[in-house]
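Undergrad: Take a look at this one; I'll ask things after.
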Amino acid sequence: MKYILYYLLFFFSLNVSAFQVEPFVQVMEPVGQKSNAVFKITNTSEESLPIETELLKSMLNDNDVEQTTVSDDFFIMPPQALIKPNSSQIFRVRYLGDPSITYTYPYRVIFKQLSLDKDAITGSHIKVLFNFSALILISPKDAEEELKVSITPSDKNYKITIENQGNKFIDLSQKKLKIIGEKKTLTLNWQEFSDLTQFQFILPNRNKFFFLTPSAIPSIGNFQNIEFTSM
C-alpha cells in the first residue's frame, strides 16, 4: 500500500472541495517544447483562495521511503496567486535543470493553500491549510523503459517482481496484464488490475512487487505465467 501512497494517492488533496489540480501528472523532457508544462488550479469554493507553490526533487531510498529536497530546477509562474471564487489559475512550469540527464527524475509541485485569517499569521509565518502534490516525471527525449518480470512461489501465492532496467519510468496504466493459465489467459486493463499491483510507476533501476493468488481466479486453471503488454 505504501507504493500507491507515494506514486498515486499523494495526488489526493486533504480538502478536495477547496481546490482542484489538473493534471495530476506531467511528463516532461529537459529541452524543447516538452520542457514546458502547465497546471490548472480551480477554486471550487465561495471564498478567495491564496495559493503558494513549492518545487521538490523526490527520490526513494533503499527501503522505498520517500525523501525530498527543495529544488530550483524549475521556474514556476506565478509562484503565488489569489484565485477568485469559482475561478481558475494557470501555473506555468519550465525546466531549468541539467539538459543532459540520462534517465527519469521525479519531482513534486506542491500547491499550498494559505490562510487569509490574520489571527493565523504570526510574524513571518503564515498558516498552511492544505497541500496538494502533483508529480513531474522528466526524462531524456530518447529514454526507453525496459520491463522485466520474475515470478517466485510463496506459499499458495506467487510473488511477482517487476524490474525497470531501462532509463525511462514505467507507467503501468499504459499496460495490459495477461495472467496465463492452463485453461485460459485472462487479460486485464489498468482499471482492473490496479488494486492488485497497488502501484503505478516504476522508476529506472528500481523494482516493485505484488502477490498473485491463482486460487482467486480458478477459471484460468493452473497458473503458468504472467506478462505485461503495451496497450
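Undergrad: Can you tell me, using C-alpha contacts under 8 Å and at least 6 residues apart, the relative contact order of the chain as a whole percent?
TA: The value is 19 percent.
Undergrad: Also, quick follow-up: Measuring from label point to label point, each 7 Å out along Cα→Cβ, what is the residue 185 to residue 61 span in nm?
TA: A separation of 4.3 nm, rounded to one decimal place.
Undergrad: Also, quick follow-up: What aspartates and glutamates sit close enough to residue 112 to cross-link, taking a C-alpha to C-alpha distance under 17 Å and skipping anything fewer than 8 places away on the same chain?
TA: 22, 47, 52, 54
Undergrad: Based only on other Cβ atoms within 10 Å, what is the fewest-to-most ordering of 25, 38?
TA: So the residues, fewest neighbours to most, are 38, 25.
Undergrad: Please report the net charge: other residues with Cβ closer than 11 Å to the Cβ of residue 200, K and R +1, D and E -1.
TA: Charge balance near residue 200 sits at +1.
Undergrad: Cβ under 15 Å from residue 78's Cβ, residue 78 left aside: what net charge do those residues give with Lys, Arg +1 and Asp, Glu -1?
TA: Charge balance near residue 78 sits at +3.
Undergrad: Now, a different point. Put a dot 7 Å past each Cα toward the Cβ at residue 165 and residue 68; how far apart are the dots in nm?
TA: 3.4
Undergrad: Run the dipole for the chain about the Cα centre, Lys and Arg Cβ at +1, Asp and Glu Cβ at -1, nothing else charged, and hand back the magnitude in debye, nearest 20.
TA: Charge dipole, the chain, about its Cα centre: 380 debye, nearest 20.
Undergrad: Find out how many positive minus negative residues lie around residue 97, taking Lys and Arg as positive, Asp and Glu as negative, among other residues whose Cβ is under 15 Å from that of residue 97.
TA: The answer is +1.
Undergrad: Give the value in nm², to one decimal: projected area of the alpha carbon convex hull of the chain, averaged over all directions.
TA: 15.2
Undergrad: Would region 147-230 count as rounded, prolate or oblate if I go by the C-alpha gyration tensor, calling it rounded below 1.5 in a/c and otherwise prolate when a/b exceeds b/c, oblate otherwise?
TA: Note, shape of region 147-230 comes out prolate.
Undergrad: Set Lys and Arg Cβ to +1 and Asp and Glu Cβ to -1, take the dipole of region 35-192 about its Cα centre, and tell me which of 61, 87, 74 lies farthest positive.
TA: About the Cα centre, the residue reaching furthest to the positive side is 87.
Undergrad: Quick one: putting +1 on the C-beta of Lys and Arg, -1 on the C-beta of Asp and Glu, what dipole do you get for region 134-197 around its Cα centre, in Debye to the nearest 20?
TA: 240
FYI, it's all coordinate maths here, none of it is from the lab. All values reported here derive from a predicted model rather than from experimental measurement. All Cβ positions, even for glycine, are placed from backbone atoms using ideal geometry, and neighbour counts span all protein chains on display.
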